[in-house]
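Chemist: I'd like to ask you about the structure that follows.
Laboratory data are not the source of any read-out in this text; all were calculated from the coordinates shown. Quick caveat: nothing in here was measured; it's all calculated off a predicted structure. For neighbour counting, all protein chains shown are included, and Cβ atoms are generated from backbone atoms with ideal geometry for every residue, glycine included.
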Amino acid sequence: MRVTGLIPARFLTLTSHLVLLISVLLAREENVLACLPVDYTEMEYRRRDGEFLGGLIAGVALIALEFIGFITGVSMFTGLASLVSIACHSGASISLAYMVMDSWDCRLYWWVFSLASVCPAIIEIGIMINVLMLKKNV
């Protein structure tokens, strides 16, 4: 029995995560200021901004990798990978929406990044290796 709602749900959660990452990227100044002490120096600000910017760009890159695997059909019909992707990206979308609204400390982004971007990307890479290189059906 095939579950038909996974494909559109996965696409929508991937898209919402990407849109919210771009929103945080454009409004990152408040989050960077939230993770600095009251009397910060310009060097501290640039360092935190660079770290946060690098994390956001890495998140966009991992979502792009997942989109490539999904759109090309490599992992589109893999049920377990779709469920993990939907769960992770839904959690990331909710977390990033709060991050935009409440100006969270920028160090909290690394938790969202590791749990909601890295985990599905590792699964996606594994599926790509199995399907494209080892010629296995997953």
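Chemist: Tell me which residues, restricted to region 33-53, are under 19 Å from the mean Cα position of the chain (by Cα), among the hydrophobic types (A, V, I, L, M, F, W, C) and crowded, with 16+ Cβ neighbours inside 10 Å. Reasoning before the result, please.
Modeler: Looking only at region 33-53, we keep the residues that are under 19 Å from the mean Cα position of the chain (by Cα), and these are 49-53.
From what's left, among the hydrophobic types (A, V, I, L, M, F, W, C): 52-53.
Answer for region 33-53, where residues must be under 19 Å from the mean Cα position of the chain (by Cα), among the hydrophobic types (A, V, I, L, M, F, W, C) and crowded, with 16+ Cβ neighbours inside 10 Å: just Phe52.
Chemist: Do you know which residues across region 102-116 are farther than 24 Å from Gly126 by Cα and assigned to a helix (DSSP H, G or I)?
Modeler: Step one: list which residues in region 102-116 are farther than 24 Å from Gly126 by Cα, which gives 102-109.
Passing the criteria: Asp102, Cys106, Arg107, Leu108, Tyr109.
Chemist: Also, I was wondering about something else. Does region 113-128 contain any residue that is without any contact (Cβ under 8 Å) to a residue 60 or more places away in the chain, aromatic (Phe, Trp, Tyr) and loosely packed, with under 14 Cβ neighbours inside 10 Å?
Modeler: Scanning region 113-128 turns up no residue that is without any contact (Cβ under 8 Å) to a residue 60 or more places away in the chain, aromatic (Phe, Trp, Tyr) and loosely packed, with under 14 Cβ neighbours inside 10 Å.
Chemist: Could you check, for region 4-27, whether at least one of its residues is surrounded by 12 or more Cβ atoms within 10 Å (Cβ to Cβ) and more than 19 Å from Ala92 (Cα to Cα)?
Modeler: no
Chemist: Can you pull out every residue in region 27-66 that is aliphatic (A, V, I, L, M) and either touching a Leu at 6+ places or on another chain (Cβ under 8 Å) or closer than 30 Å to Ala81 by Cα (or both)?
Modeler: Let us first name the residues in region 27-66 that are aliphatic (A, V, I, L, M), namely 27, 32-34, 36, 38, 43, 53, 56-58, 60-65.
Across region 27-66, the qualifying residues are Leu53, Leu56, Ile57, Ala58, Val60, Ala61, Leu62, Ile63, Ala64, Leu65.
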